[in-house]
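The values are calculated or read from the model by the stated rules, or taken from the named source; none is laboratory data. Bear in mind the structure is a predicted one, so any value in this text is a computation, not a measurement. In this analysis, Cβ positions are derived from the backbone assuming ideal geometry, glycine residues included, and neighbour counts consider all displayed protein chains.
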Amino acid sequence: MNKKFQYGGMAAIEGVMMRGPKETSLAVRKPDGTIELEIETNSDIAKRYPFLKWPFIRGTFVLIDSMAVGIRMLNKSANMSMAEEEEELTAGEIFFTGMLAFVLAIVLFVALPTGIVHFTSQYLGGVLAQNIVEGIIRIIFFLVYVYAISKMDEIDRVFMYHGAEHKSIHTLEAGQELTVENARRHSTMHPRCGTSFLLIVMVISILVFALLGEGNLFYRVWSRIAVFPVVAGLGYEFIKLSAVCYEKGWARWLIAPGLWLQKLTTREPDDQQLEVALTALKAVLQKQSIPDQKTDEPDGIQSA
């Protein structure tokens with residue numbers, strides 16, 4: 001059954017990416033104050049392979065697709081935001097940066113928490129208790145990491161654009177005209193945000209990883225990487241359900257921790273940043289009839 005498309009996007013370097021059912025736009029504030037806009041057609045892979053839209057499978061597909069698009073847009077926005085005399089990033093530099101970020105994520109959020117619990121397991125009791133401690137360590141590492149990078153001036157501005165992206169989406173979903181004045185009144189937090197998704201994935205992983213049993217350190221690390229698609233699929237279905245049931249009391253309680261976490265990853269944007277976010281959103285709406293827009297594409301998760 002078709003459904004109304006849920007628009008989403010992500011913050012970029014001095015800009016915002018927005019994704020619609022058919023196109024993805026990237027708006028970036030140039031050093032001279034102008035806004036540069038690029039639009040590209042979305043991949044139709046989900047149409048060619050319908051099983052990618054099945055429940056629990058679509059979560060993994062959306063996550064991988066969103067990460068690939070997100071990395072490309074971040075690199076593109078970095079080049080777009082540079083002054084003309086500055087040298088753009090090369091393909092090799094972009095690849096190296098992406099690989100370094102991937103390895104860092106594996107080490108920091110998988111290997112280290114798993115290793116700490118593995119070498120202290122004799123003090124922690126059974127498998128479930130070990131996974132609870134491992135999950136808590138993983139969440140603490142994530143919070144410390146987000147807090148640490150938020151102190152960087154460049155990342156602080158990205159978080160401001162993150163807030164602008166959320167305000168723009170809220171304005172659209174409220175059925176209001178997409179103006180800076182309307183967007184300014186909305187919250188910087190959104191229940192469908194990728195930050196909330198990451199927290200949900202960490203909580204769900206506690207239960208899923210507990211089913212893997214014990215083993216040596218190599219088994220513990222690689223088994224967690226292997227079942228991550230299952231965890232991502234469950235997390236995606238939870239995000240979709242909570243977004244649909246957001247007005248219900250029980251849903252608000254369940255997603256509240258994710259919204260609290262967004263206080264670390266969003267900032268109040270200025271009017272110029274709101275203008276950039278609205279420019280990106282309007283670009284993917286131009287050829288769409290919003291009230292009647294239907295699509296068979298899986299909804300995107302708003303990135304952090």
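Structure values in brief
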{"read-out": "Residue in region 218-230 that is modelled with pLDDT under 90, of a type in the set (S, T, Y) and over 18 Å from M67 (Cβ atoms) present", "value": "no"}
{"read-out": "The one condition in (1) free of Cβ contacts under 8 Å to residues at least 60 places away in the same chain; (2) in contact with a helix residue (DSSP H, G or I) (Cβ under 6 Å, 6 or more places away or on another chain) that K30 fails to fulfil", "value": "(2)"}
{"read-out": "Members of region 253-287 found to be among the polar types (S, T, N, Q) and either closer than 14 Å to G15 by Cα or not in a helix (DSSP H, G or I) (or both), listed by number", "value": "T266, Q272, Q273, T279, Q286"}
{"read-out": "Test for E247: is it acidic (D, E) and in a loop (DSSP other than H, G, I, E, B)", "value": "yes"}
{"read-out": "Residue pairs meeting the criteria (Cβ under 8 Å; at least 6 apart or on separate chains; first farther than 20 Å from I225 by Cβ, in region 112-133; second among the basic types (K, R) and at pLDDT 95 or above)", "value": "none"}
{"read-out": "Lone qualifier among K167, K151 - being touching a helix residue (DSSP H, G or I) at 6+ places or on another chain (Cβ under 6 Å) and of a type in the set (K, R)", "value": "K167"}
{"read-out": "Residue check, V127 surrounded by 15 or more Cβ atoms within 10 Å (Cβ to Cβ) and in contact with a strand residue (DSSP E or B) (Cβ under 6 Å, 6 or more places away or on another chain)", "value": "no"}
{"read-out": "Criterion violated by S289 - all others in (1) modelled with pLDDT of 90 or more; (2) hydroxyl-bearing (S, T, Y); (3) over 14 Å from R192 (Cα atoms) satisfied", "value": "(1)"}
{"read-out": "Filtered residues of region 252-266 (kept if touching a residue at least 24 places away in the same chain (Cβ under 8 Å) and surrounded by fewer than 21 Cβ atoms within 10 Å (Cβ to Cβ))", "value": "P257, L259, K263, L264"}
{"read-out": "Cross-chain or 6+ apart pairs with Cβ under 7 Å, region 35-49 first and free of Cβ contacts under 8 Å to residues at least 24 places away in the same chain, then in a strand (DSSP E or B) and surrounded by 11 or more Cβ atoms within 10 Å (Cβ to Cβ)", "value": "E40/E23; E40/T24; T41/E23"}
{"read-out": "Selection status of F119, under 23 Å from the mean Cα position of the chain (by Cα) and aromatic (F, W, Y)", "value": "no"}
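Results for (1) touching a Lys or Arg at 6+ places or on another chain (Cβ under 9 Å); (2) more than 24 Å from D65 (Cα to Cα); (3) at pLDDT 85 or above, shown as yes or no for each residue.
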site	(1), (2), (3)
M189	yes, no, yes
V203	no, no, yes
K240	yes, no, no
G258	no, no, yes
K263	no, yes, yes
